[in-house]
1. Determine, yes or no, whether Asp225 is within 29 Å of Phe90 (Cα to Cα), among the acidic types (Asp, Glu) and open to solvent by less than 70 Å² (accessible area, probe 1.4 Å).
2. Does any residue in the range 267-280 that is within 16 Å of Arg118 (Cα to Cα) come within less than 6 Å, Cβ to Cβ, of a residue that is near the ligand (Cβ under 8 Å from one of its atoms) and of a type in the set (Gly, Ala, Ser) six or more places away or on a different chain, and which pairs are these?
3. Tally time: how many residues in the range 165-179 are in contact (Cβ under 8 Å) with a residue 24 or more places away in the chain and over 14 Å from Asp108 (Cα atoms)?
4. Can you name every residue in the range 203-249 that is farther than 19 Å from Val156 by Cβ, within 16 Å of the ligand (Cβ to nearest atom), within 18 Å of the chain's Cα centre (by Cα) and of a type in the set (A, V, I, L, M, F, W, C)?
5. From Asn250, Asn215, which residue is open to solvent by 50 Å² or more (accessible area, probe 1.4 Å) and touching a residue at least 12 places away in the same chain (Cβ under 8 Å)?
6. Answer yes if at least one residue in the range 142-164 is among the hydrophobic types (A, V, I, L, M, F, W, C), open to solvent by 40 Å² or more (accessible area, probe 1.4 Å) and in a strand (DSSP E or B), and no otherwise.
7. Determine whether the range 331-343 contains at least one residue that is part of a loop (DSSP other than H, G, I, E, B), aromatic (Phe, Trp, Tyr) and either away from the ligand (no atom under 16 Å from the Cβ) or in contact with a strand residue (DSSP E or B) (Cβ under 8 Å, 6 or more places away or on another chain) (or both).
Amino acid sequence: MQKNNVFSGTAGARMYDTEGKIIQAHGGQIQKFTVDGKERWYWIGEDKTDGYRPCGGIHLYSSKDLFEWKDEGIILKTLDHIEEFETSYFKEIYGTLTQQEKEILFTDLDKHNCVIERPKMIYNKKTNKYILWFHADGRCQGSDGDYGKAKAGVAVSDSLTAPFRLFGTYKLNYHNDPNGDFGFDGWAKRGSVRDMNLFQDKDGAAYIIYSSEGNRTTYISKLNDEYTALAKDPDKAVEGEDFTRNFIGNFKEAHAMFQYQNKYYLIQSGCTGWAANPASYAVADHPMGPWKDMGDPCKDSGRETTYDSQSTCVIPLDEEKGWYIYMGDRWNEKDLGDSRYVWLPIEFLPENKIALPRKQNWTFS
Ligand code: DGJ
């Protein structure tokens with residue numbers, strides 16, 4: 001197979017792994033880890049081999065150069081039926097759970113009903129564990145809709161490539177005002193989580209960024225020291241301290257936060273389902289804000305659809321050189337498994353501005 005040495009960018013060419021299979025890592029994230037002394041890029045994302053459903057779980061790939069990707073398998077597997085918990089693979093992970101606990105987890109891992117989107121991973125130095133967070137949704141008791149559950153899932157593993165164990169799925173922070181505008185979630189479904197991402201700061205603090213209140217508002221909440229839960233229980237958390245509400249009523253999704261030269265940047269999309277819309281970005285001095293809206297980062301034709309893409313992550317390749325890659329998904333609603341990946345260089349401009357150019361077959365030089 002011919003090896004690529006350029007990013008196809010807005011051309012959105014299909015991407016294949018080293019075995020020639022289409023890469024299934026949508027709504028994903030790429031970061032560098034050193035495992036057994038070997039430094040590699042690791043890409044996790046939604047496996048959409050079978051389209052929207054059956055839900056394929058979370059797929060991992062590794063690479064030395066961001067061009068050649070090795071399939072490392074599914075790191076969070078879904079189940080076909082509840083009895084599958086008794087097979088050796090799942091027994092190894094969930095064998096100690098009670099039947100009732102398995103039934104609860106099954107609603108989050110049932111491939112015929114669950115939704116697992118926008119998985120993001122961080123490594124915790126103190127506990128030496130990898131922690132996965134994702135948007136956990138799907139049909140469940142009391143809700144036939146795909147996005148009525150609106151929770152965050154947390155899974156943990158001692159090894160990057162080993163099976164992750166799902167702890168559970170949770171509602172997160174909420175604005176403590178029963179008369180507030182919680183959009184289509186309403187007060188009864190406060191704490192909702194849909195599109196989400198993580199951000200790990202250089203000081204070790206980590207945050208979850210997510211759409212809440214019926215997608216109207218972007219929440220940024222501090223995680224605990226282990227990164228396995230919120231820093232403070234939602235019923236005790238203080239708005240402005242433990243979490244912030246941002247872009248209130250502005251309907252944003254596809255959050256991608258990164259840091260460059262002591263400023264924090266947040267690229268987002270609007271909310272139009274699988275259809276692409278214009279991006280926006282904001283700048284702050286702290287991951288929890290306050291955020292200054294900076295408008296649309298796209299500078300070339302095709303801005304109205306972010307060059308037919310939706311943000312999912314920014315890869316900080318080399319901060320000194322200012323090499324950062326915008327990673328977007330070009331969703332194909334009719335064939336989600338054939339959705340493409342649009343990667344673009346971020347240009348840093350004076351006054352903390354950034355720009356996303358329309359580029360094809362590009363690389364840093
Ligand atoms: C837009 C989100 O960004 C995607 O992750 C997915 O949830 C779609 N909406 C579903 O319509």
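The values are calculated or read from the model by the stated rules, or taken from the named source; none is laboratory data. Please read these numbers as outputs of a predicted model, since none were measured by experiment. Using ideal geometry, Cβ is built from the backbone for each residue, glycine included, and neighbour counts are taken over all protein chains shown. These area figures cover heavy atoms from the full protein model, side chains too; ligands, DNA and RNA do not enter into them. Shrake-Rupley method; radii C 1.70, N 1.55, O 1.52, S 1.80 Å.
1. On the way: within 29 Å of Phe90 (Cα to Cα): yes; among the acidic types (Asp, Glu): yes; open to solvent by less than 70 Å² (accessible area, probe 1.4 Å): no.
In short, no.
2. Listed pairs, sorted by first residue: Gln268/Ala254; Ser269/Ala254.
3. Kept after step one, since they are in contact (Cβ under 8 Å) with a residue 24 or more places away in the chain, are these residues of the range 165-179: 165-176.
Restricting the remaining residues to those that are over 14 Å from Asp108 (Cα atoms) gives 172-176.
Matching residues across the range 165-179 total 5.
4. Ile209
5. The unique qualifying residue is Asn250.
6. Going through the range 142-164, the residues among the hydrophobic types (A, V, I, L, M, F, W, C) turn out to be 150, 152, 154-156, 160, 162, 164.
Retained after the next criterion (residues that are open to solvent by 40 Å² or more (accessible area, probe 1.4 Å)): none.
No, that holds for no residue.
7. First, the residues of the range 331-343 that are part of a loop (DSSP other than H, G, I, E, B): 331-335, 339.
Restricting the remaining residues to those that are aromatic (Phe, Trp, Tyr) gives 331.
Add one more test, that the residue is either away from the ligand (no atom under 16 Å from the Cβ) or in contact with a strand residue (DSSP E or B) (Cβ under 8 Å, 6 or more places away or on another chain) (or both), and what stays is 331.
The answer is yes, given that some residue of the range 331-343 is part of a loop (DSSP other than H, G, I, E, B), aromatic (Phe, Trp, Tyr) and either away from the ligand (no atom under 16 Å from the Cβ) or in contact with a strand residue (DSSP E or B) (Cβ under 8 Å, 6 or more places away or on another chain) (or both).
Residue-wise test of (1) open to solvent by 60 Å² or more (accessible area, probe 1.4 Å); (2) touching a residue at least 40 places away in the same chain (Cβ under 8 Å).
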residue: Thr312; (1), (2): no, yes
residue: Tyr324; (1), (2): no, yes
residue: Asp335; (1), (2): yes, yes
residue: Leu344; (1), (2): no, yes
residue: Leu349; (1), (2): yes, no
residue: Thr363; (1), (2): yes, yes
